[in-house]
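Below you'll find the structure, written out as structure tokens, and then a few comments.
The values are calculated or read from the model by the stated rules, or taken from the named source; none is laboratory data. Source: prediction; values computed, not measured. All Cβ positions, even for glycine, are placed from backbone atoms using ideal geometry, and neighbour counts span all protein chains on display.
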Amino acid sequence: MPLFERNQVVLAKIETTKGTDATPTGTNAILCDVVNPTVDGQQLENNVVRNSISATPNKFVNKTVKATIIVRVKGSGSAGVAPEFSPLLQCSGLKETVTAQVESDNTITTPGKVEYTPVNTASDQKTATLYIYKDGLLIKAVGGMANMSFSGRYGEYGSFTFEYEGIFAGALDASNPTPTYDSTEPIEMKSEGFAFGEWDDAVAREFGFETGNTIISRGNINSDTGLMPYLITARDPRWSANIESVLESENTFWGDYQDRDTVALSLTHGATAGNIVEFSAPKANFDAPTFNSENSLNMYDLGGQLLEDSGEDNFKITFK
């Protein structure tokens with residue numbers, strides 16, 4: 001019986017104990033593009049002589065899973081409630097801080113929001129269990145972490161891409177669960193208020209950033225899989241943008257590059273409470289601007305690092 005590509009359900013859940021199956025259910029479903037996981041392992045050879053010129057069977061150990069998960073940028077629909085892809089944000093080395101919305105006499109006294117910021121200590125890092133159901137076939141991964149990137153271009157939806165890596169925990173026949181998704185609709189990239197510091201007059205085609213995580217797996221002869229849960233050991237977040245080029249008198253991109261000056265970056269996606277996603281970074285530096293052309297216009301490809309200002313604040317993503 002053939003299996004249909006689009007008849008797929010993806011579940012993700014933060015693990016209470018790192019590397020232990022969190023057993024996600026349909027309430028942990030994530031609305032995303034088709035996911036095609038890759039399972040790999042270390043090939044173990046046993047090249048003994050045995051009165052034959054044929055090779056002995058190889059064995060695969062330290063089996064891992066890699067999966068690219070793409071979701072549309074959107075909120076949960078309720079301010080102060082995390083988006084359904086929260087586990088993927090958290091396992092990308094980000095700390096989740098929830099501020100519940102408070103109302104009194106039909107007046108909002110404390111606006112609800114959920115913030116995600118980088119963490120620097122291993123104890124603060126979260127791992128996630130990933131279940132990928134492919135029309136009745138289930139692939140499991142545990143102890144996983146991810147690299148996250150954002151991309152947004154005019155006239156398109158903004159997207160988060162998660163490059164997940166975890167420990168292979170089995171493949172088996174299992175009926176797709178009934179998924180629960182929030183009903184919030186993504187919106188196109190427009191009216192973003194994208195600004196370099198105080199300058200918000202850029203004619204921008206697109207903007208993006210990435211966590212720049214270094215993700216490692218660790219071997220352990222005391223582990224039943226031979227592996228420990230994944231860990232992020234380094235981070236170098238970066239940003240990128242494509243804008244129409246301007247004179248230095250309008251904004252000093254070349255001067256900032258030459259002097260290694262930094263500016264704050266900010267962007268607000270959406271305008272309806274429950275579906276507003278803000279990006280901010282306190283200290284972004286600049287690589288040398290790169291020229292390109294579009295319809296005979298000079299364009300800049302810009303980019304650089306997202307630096308810490310006062311610790312664990314390279315950037316912040318706020319859902320509100």
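Please indicate, with yes or no, whether at least one residue in region 105-114 is part of a loop (DSSP other than H, G, I, E, B), in contact (Cβ under 8 Å) with a residue 24 or more places away in the chain and either under 19 Å from PRO24 (Cβ atoms) or not basic (Lys, Arg) (or both).
yes
Could you give me the residue pairs with C-beta distances under 8 Å whose first residue belongs to region 199-225 and is free of Cβ contacts under 8 Å to residues at least 24 places away in the same chain and within 24 Å of GLU156 (Cα to Cα), whose second residue is part of a loop (DSSP other than H, G, I, E, B) and of a type in the set (A, V, I, L, M, F, W, C) wherever it lies, and which are 6+ apart or on separate chains?
Filtered contacts from region 199-225: ASP200/PHE194.
Just the residues that are touching a residue at least 12 places away in the same chain (Cβ under 8 Å) and small (Gly, Ala, Ser), please, taken from region 39-88.
Answer for region 39-88, where residues must be touching a residue at least 12 places away in the same chain (Cβ under 8 Å) and small (Gly, Ala, Ser): GLY41, ALA67, GLY75, SER76, GLY77, SER78, ALA79, GLY80, ALA82, SER86.
Would you mention how many residues in region 304-315 are surrounded by fewer than 19 Cβ atoms within 10 Å (Cβ to Cβ), modelled with pLDDT of 95 or more and either in a strand (DSSP E or B) or out of contact with any Lys or Arg (no Cβ under 9 Å at 6 or more places or on another chain) (or both)?
Residues flagged as surrounded by fewer than 19 Cβ atoms within 10 Å (Cβ to Cβ), modelled with pLDDT of 95 or more and either in a strand (DSSP E or B) or out of contact with any Lys or Arg (no Cβ under 9 Å at 6 or more places or on another chain) (or both) within region 304-315 amount to 2.
In this structure, is GLU206 in a loop (DSSP other than H, G, I, E, B), out of contact with any Cys (no Cβ under 6 Å at 6 or more places or on another chain) and at pLDDT 95 or above?
No: the conditions fail for GLU206.
Between ARG218, ARG238, ARG260, which is more than 28 Å from THR121 (Cβ to Cβ) and among the basic types (Lys, Arg)? Steps first, answer last, please.
Details: ARG218 fails: more than 28 Å from THR121 (Cβ to Cβ); ARG238 fails: more than 28 Å from THR121 (Cβ to Cβ).
Sole residue among the options that is more than 28 Å from THR121 (Cβ to Cβ) and among the basic types (Lys, Arg): ARG260.
Could you grab me the full set of residues in region 34-77 that are more than 30 Å from ASP224 (Cα to Cα) and modelled with pLDDT of 95 or more?
VAL34, ILE70, VAL71, ARG72, VAL73, LYS74, GLY75, SER76, GLY77
Could you tell me whether region 38-55 includes any residue that is in contact with a helix residue (DSSP H, G or I) (Cβ under 9 Å, 6 or more places away or on another chain) and part of a strand (DSSP E or B)?
Looking through region 38-55, none of the residues is in contact with a helix residue (DSSP H, G or I) (Cβ under 9 Å, 6 or more places away or on another chain) and part of a strand (DSSP E or B).
Could you grab me the full set of residues in region 151-175 that are among the small types (Gly, Ala, Ser), surrounded by fewer than 19 Cβ atoms within 10 Å (Cβ to Cβ) and either modelled with pLDDT under 95 or over 28 Å from GLU15 (Cα atoms) (or both)?
Result: GLY155, single match.
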